[in-house]
Amino acid sequence: HFPHREAPGKRWVYHTSDTYLLGVAMNAYLSEQTGEPSDYYRDLLVSIWRDMGLSPTLDDIRRTVPDGTPFSGYGLVLHARDIALLGHLLASGDARFSAYFDADMLNAAMQRNAADRGLDAGGETLRYRHGFWGWNARSVLGCKTDTWLPFFSGYGGISVVLLPGGTVYYYFSDGGVHAFANAVKAIAKASPVCGGMS
């Protein structure tokens, strides 16, 4: 076994494999609570996706084997409409999320809590909290105050940036491009972005 190099919660280290292990642990916890075999994705998330109006492509997730453990951290299949709608609902603060998720954790992930931006994720303007990235666009946009924007980033070149007022910018590629600052600058000319998600 390997000892911790420092206390948990002090240094950010990203491993998608850790997200997979969390999925395995969630299944074990649900099984323990219900006394039956459980699947967090099938038993909990699918009904949330339906309530949000997302497409049936989300009724399943990539798995280790058919009917096996959800491949957490990988494997969601979303239509462009799903990305746009889910991003819009998150960015606009749709009340349905508070029925399903811890409000404090969601607010921290969505960069709505100035006291909890997350751990430094490789630079002064980059944070990570509860599965969401956060980027401070203040200097890029010339804002007077910090402007933290939550975003998703996926393998190969997936970016989904959540902006104030429910605006969403998304870009999917397989060329390893994760740049979106110029797109956010263009959006800021048409819709207020400075100040962030607060």
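Read the figures in this text as sums done on the coordinates, not as results from a lab. Everything quoted here is computed from the prediction, not taken from an experiment. All Cβ positions, glycine included, derive from the backbone under ideal geometry; neighbour counts span all protein chains shown.
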| field | Highest average packing first - 25-31, 10-16, Cβ atoms within 10 Å | value | 25-31, 10-16
| field | Cα-based Rg / Dmax (Å) for the range 48-198 | value | 15.7, 52
| task | Could you bin all the Cα-Cα distances of the range 1-130 into 10 Å bins starting at 0 and give me the percent of pairs in each, rounded to whole numbers? | result | 10, 31, 40, 17, 2
| query | What is the sum of charges around residue 38, taking Lys and Arg as +1, Asp and Glu as -1, for the other residues whose C-beta is under 14 Å from the C-beta of residue 38? | reply | -4
| request: Arrange the following residues from fewest to most other Cβ atoms within 10 Å of their Cβ: 67, 60. | output: 67, 60
| Within the range 40-84: backbone nitrogen closer than 18 Å to the residue 95 label point (7 Å, Cα to C-beta) | 51-53
| query | Which three semi-axes in whole Å describe the equivalent ellipsoid of the range 127-187, each the square root of 5 times a Cα gyration tensor eigenvalue, listed largest first? | reply | 19, 13, 11
| remark: Using alpha-carbon coordinates alone, the radius of gyration and Dmax of the range 62-113 in Å work out to 14.0, 40
| remark: Expressed as a percent, the portion of alpha-carbon pairs in the range 16-77 spaced more than 14 Å apart is 57
| note | Computed, not fitted: 222 nm per-residue ellipticity of the chain from DSSP H runs ≥ 4 (each -39500 (n - 2.57)), nearest 500, equal to -9000 deg cm²/dmol
